[in-house]
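To keep things clear, I will list the structure first and then write my remarks on it.
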Amino acid sequence: MKIAKLLATSLVAMTAAGAVSAENVMRWTSQGDALTMDPHSQNEGPTIAMNGQIYESLVTRDAALVLQPELAESWTSAPDGWTFNLRKGVKFHDGSDFTAEDVVFSFNRAMHEASDFKEQAKNVASVEVIDDYTVKLMTNGPNPILPNQLTSIYMMDKGWSEANNVVNPQDFKANEESFAVRNTNGTGPFILESRAPDELTVLNKNPNWWGNGQFPGNLDRIEYRPISNAATRVAALLSGEVDFVLDPPLQDLKRIEGAAGLQVKTVAQIRSIFFGMDQGVDELRTSDVKGANPFKDQRVREAFNLAIDKKAIQRVVMEGLSFPTGMITPPGVLGNTPENDPSYGFDVNKAKELMAAAGYGDGFQIQLDCPNNRYNNDEKICQAAVAMLAKIGVKVNLDAIPKAQHFPKIQKRTSDFYMLGWGVPTLDSHYVFSYLLASEGSWNATGYNNARVNEITDLITTETDIEKRTALIDEAWTLVRAEMPYVPIHHQVLAWGMTDKVDVPIASDDAFRPRYTVMK
Amino acid sequence: MSSPDIQKSRWQRFTDNDIVYSFVTTPSAMVAALIAFIAIAAAFAAPLIAPYDPFDPAQISLWDGKMPPAWVEGGSPAYVLGTDNQGRDMLSTILYGGRISIVVGITAVFLGMLLGVTLGVISGYFGGMVDTVIMRMADVQLTIPGILVAILINGIGRAALPLELREDFAIYVVIVAIGLTDWPQFARVARGATLVEAEKEYVQSARVIGLPGWIIMIRHILPNTMRPILVIATIGLALAIIAEATLSFLGQGIPPTTPSLGTLIRVGNEYLFSGLWWITFFPAISLVILVFAVNLLGDWMRDALNPKLR
């Protein structure tokens with residue numbers, strides 16, 4: 001009898017404990033982890049999305065990519081800059097207040113040489129403090145789209161950064177480690193509980209967040225566990241081990257849709273996938289052509305463009321979920337036009353003729369650098385390209401490696417031929433020009449240097465006449481289309497897999513937004 | 001039985017051997033040997049008999065990708081076992097992949113044997129501290145599952161190589177990793193045999209006439225340890241092929257550009273959920289058949305070479 005009683009009480013106790021732990025825990029996965037928790041170190045989609053759950057910017061975007069106030073409640077423009085009224089009573093996770101001083105500090109940090117957000121932060125000439133809760137971001141002349149350019153510049157606490165010796169951002173290219181790489185102190189809806197890179201990152205709800213009660217999201221805890229193997233990722237979703245997969249392999253979508261209790265959401269993504277060709281150096285590092293750089297010859301670049309069968313990649317590699325293109329920025333971004341978007345086509349014979357005309361009729365050797373845990377089927381696209389380029393005599397050695405090692409090659413400009421994908425959070429071509437096409441762009445490893453494109457990149461930062469500005473953007477894209485510094489492949493289509501228990505609003509920037517995520 | 005051996009032809013003398021007798025009277029051994037022979041011959045003749053060269057990207061067409069085997073609807077007679085996700089012919093990739101698996105297996109076993117037998121004979125011949133140190137090392141390694149040791153050695157080997165050399169040297173790293181995992185088995189057997197032989201009169205007399213230790217070890221003891229070594233080498237080959245496949249399946253082994261059977265199974269595994277079963281099934285079944293045949297052969301050899309079991 002005693003034992004039975006004991007059992008009964010312990011059972012009651014267990015159910016009670018169960019009720020307490022029955023909070024809304026969201027377990028999710030994707031192929032590659034955030035590269036760092038330092039919010040100014042890497043301008044990379046998954047890193048920004050992860051940090052955006054902990055840190056906040058002045059202005060943000062909702063799942064429909066409409067601008068929303070975040071740490072600024074309102075803003076007004078003037079010819080010399082924009083005034084932002086900061087939200088009052090906001091506290092960082094360590095309890096200190098968020099004030100204008102932190103805004104000044106964060107912008108200075110984002111403008112630092114080691115920051116990967118300097119192209120965006122450079123739109124701000126200086127930050128003027130009007131009072132504790134009002135700042136004016138001064139611009140070099142009028143800037144019509146400044147709020148659009150601020151959505152990934154996260155605010156950090158000045159005091160915390162100084163105390164922990166992280167006033168400057170982590171220099172990712174130089175493999176630097178700093179306190180901010182694994183520790184965070186943001187104002188956002190979630191607090192970092194623990195982080196083991198590439199294994200498990202746990203976030204807990206911030207009970208003091210300013211937005212509590214204003215958003216539909218009801219998550220209490222987020223457990224993120226990257227799984228690099230695609231089949232394992234799907235198996236985890238099918239078996240209920242995770243609630244949400246950001247990047248299920250495209251070939252498995254039918255199977256996920258067919259499974260009871262699971263669903264797939266798709267949307268055209270604001271991201272284009274392309275290859276870059278280094279036409280800047282005098283001699284390629286990995287080629288057997290010595291004393292010359294074949295990519296300097298436009299005929300070679302055109303041959304590469306014509307040799308890649310974009311439609312075959314769409315059909316066989318992407319299971320139809322892509323839009324072949326001739327442009328490195330997708331529809332939805334100001335600057336993508338029906339004239340410049342169509343693909344260059346596929347014509348092996350013409351490509352061979354061009355190679356022969358350029359003096360490379362027998363082809364040459366080159367290394368293709370490719371990430372294997374970043375974009376939809378990234379490595380498989382590269383493998384397909386290897387076979388396609390072999391048909392015009394180019395022997396490609398593929399080096400497919402994790403993104404953490406791949407991206408520094410591009411940023412250090414040490415790659416001859418590489419895959420890159422580019423999303424556009426500002427929805428404006430200036431972002432693409434300043435990073436990828438301006439000769440000084442920090443992600444422009446092609447060495448492309450066109451004086452007019454450089455000039456237009458500067459002009460459109462201050463041009464307020466929308467019609468003139470759009471015409472300038474068009475002019476630059478037409479030049480780029482003619483000179484082919486890149487080999488555009490396609491615009492990605494996003495597909496997210498999730499259980500019926502969660503409603504994750506899909507967003508074309510591929511960012512998971514927990515504040516809008518509802519768990520049933 | 002009156003005719004002495006001298007009158008028999010060379011072939012007759014060869015077939016009179018008890019091992020050959022055991023072989024021709026054991027059907028499973030003959031079948032296993034036949035399968036192993038065909039597998040090894042096919043793998044080495046891959047460039048001659050494979051319909052395509054899967055390592056030549058110019059022969060691959062993406063439009064032919066993900067094609068089922070010829071007898072399934074949607075298949076093409078041009079690709080008997082279907083194609084993988086890149087449009088490579090499965091039959092050709094399996095032939096070429098099998099070759100890599102077998103080469104890795106044989107060289108790894110040879111490396112393990114070289115190391116293990118050397119250490120085992122030294123250990124058994126000298127005894128004392130040398131014996132203790134070598135055999136305790138072997139014991140420690142045997143307490144850890146072999147595949148973990150291989151992953152460890154493989155991981156260190158890869159990390160030690162500069163990035164651009166990793167792919168080219170992956171195959172050697174795998175061979176060394178498996179070879180270094182194998183050696184304790186060989187060392188134990190060689191030591192046991194050495195202990196027995198070292199007590200025999202012919203070794204004792206060799207010592208008495210003052211032959212140096214290394215000559216006694218190589219000339220007198222080593223040949224007499226070879227029978228049991230041969231048995232574990234054959235079984236070891238099957239294990240080494242499996243070890244290579246396991247490493248490659250875990251993404252730690254042979255890179256996908258020059259795939260082994262294990263790599264093929266790993267790549268195909270990604271497509272199992274979407275119903276492209278042939279990309280993983282055919283390499284897997286080839287691996288099973290190959291290992292099974294080698295194993296049977298090893299089993300038979302153990303029985304045939306062990307007088308006590310006859």
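Each eigenvalue of the Cα gyration tensor of the protein assembly as shown, multiplied by 5 and square-rooted, gives one semi-axis; in descending order these are 59, 35, 26 Å. Taking other residues whose beta carbon is less than 14 angstrom from the beta carbon of residue B:203, and scoring Lys, Arg as +1 and Asp, Glu as -1, yields 0. Less than 5 angstrom separates the built amide H of residue A:32 from none of the residues sequence-distant by 5 or more or on a different chain.
Sequence-ordered 3J(HN,Hα) estimates for region A:135-151 from the Karplus curve with 6.51, -1.76 and 1.60 and θ = phi - 60° stand at 10, 10, 8, 7, 10, 7, x, x, 10, x, 10, 3, x, 5, 8, 9, 5 Hz, glycine and proline given as x. All Cα-Cα separations within region B:6-152 were binned at 10 Å from zero, giving a P(r) of 9, 20, 20, 23, 17, 8, 2, each value a whole percent of the pairs. Ranked by how many other Cβ atoms sit within 10 Å of their own Cβ, fewest first, the residues A:129, A:453, A:480, B:294 fall in the order A:129, A:453, A:480, B:294.
Result for chain B in a Gaussian network model with C-alpha springs under 10 Å: among B:285, B:175, B:232, the largest mean-square fluctuation is at B:285. Taking other residues whose beta carbon is less than 12 angstrom from the beta carbon of residue A:516, and scoring Lys, Arg as +1 and Asp, Glu as -1, yields +1.
Extending 7 Å from Cα along the Cβ direction at residue B:21 and again at residue A:471 yields two label points whose distance is 10.4 nm.
Rounded to the nearest 20, the size of the Cβ-charge dipole of region A:268-494 about its Cα centre is 660 debye, with Lys and Arg at +1 and Asp and Glu at -1. Within region B:18-309, the percentage of alpha carbon pairs spaced more than 23 angstrom apart rounds to 61%. Take the Cα of residue A:311, go 7 Å toward its beta carbon, and none of the backbone nitrogen atoms of region A:260-277 fall under 12 Å from that spot.
Which order do the peptides B:179-185, A:290-296, A:352-358 take when ranked by the mean count of other beta-carbon atoms within 10 Å per residue, highest first?
B:179-185, A:352-358, A:290-296
A simple spin-label model places the labels of residue B:306 and residue A:348 5.8 nm from each other, with each point 7 Å out along Cα-to-Cβ. Dipole magnitude for region B:57-183: about 140 debye, using +1 per Lys or Arg Cβ and -1 per Asp or Glu Cβ, origin at the Cα centre. Across peptide B:79-86, the average count of Cβ atoms from other chains found within 10 Å of a residue's Cβ is 2.
Using only alpha-carbon positions in region A:268-494, the gyration tensor eigenvalues give semi-axes of 26, 20, 17 Å once each is multiplied by 5 and square-rooted (largest first). By definition, a body whose alpha carbon gyration tensor gives a ≥ b ≥ c is oblate when a/c is 1.5 or more and a/b is not larger than b/c, and region A:410-498 fits this oblate description. Note on residue B:161 and residue B:44: with the Förster distance fixed at 25 Å, the Cβ-Cβ geometry gives a FRET efficiency of about 0.35. Which one, A:53, A:259, A:129, is farthest towards the positive end of the dipole of chain A when Lys and Arg carry +1 and Asp and Glu -1 on their Cβ? Value: A:259. Label zone of residue A:478 (point 7 Å out along Cα→Cβ, amide N under 12 Å): in region A:333-375 this covers A:339-340. Beyond 24 Å in Cα-Cα separation lie the following of the pairs A:118/A:310; A:254/A:380; A:173/A:205; A:118/A:296: A:118/A:310; A:173/A:205; A:118/A:296.
Of the trypsin sites (Lys or Arg not before Pro) found in region A:371-462, those in coil by DSSP whose Cβ has at most 12 other Cβ atoms within 10 Å are A:412.
Label sites at residue A:220 and residue A:208, each approximated as a point 7 angstrom past Cα along Cα to Cβ, lie 2.1 nm apart.
Cβ-to-Cβ counts within 10 Å put A:153, A:401 in ascending order as A:401, A:153, the fewest first.
Values in this text are rule-based calculations from the coordinates and carry no lab data. The structure presented is a predicted model; accordingly, all values stated were derived computationally and were not measured. Note that we place each Cβ from the backbone using ideal geometry, even for glycine, and neighbour counts take in every protein chain shown.
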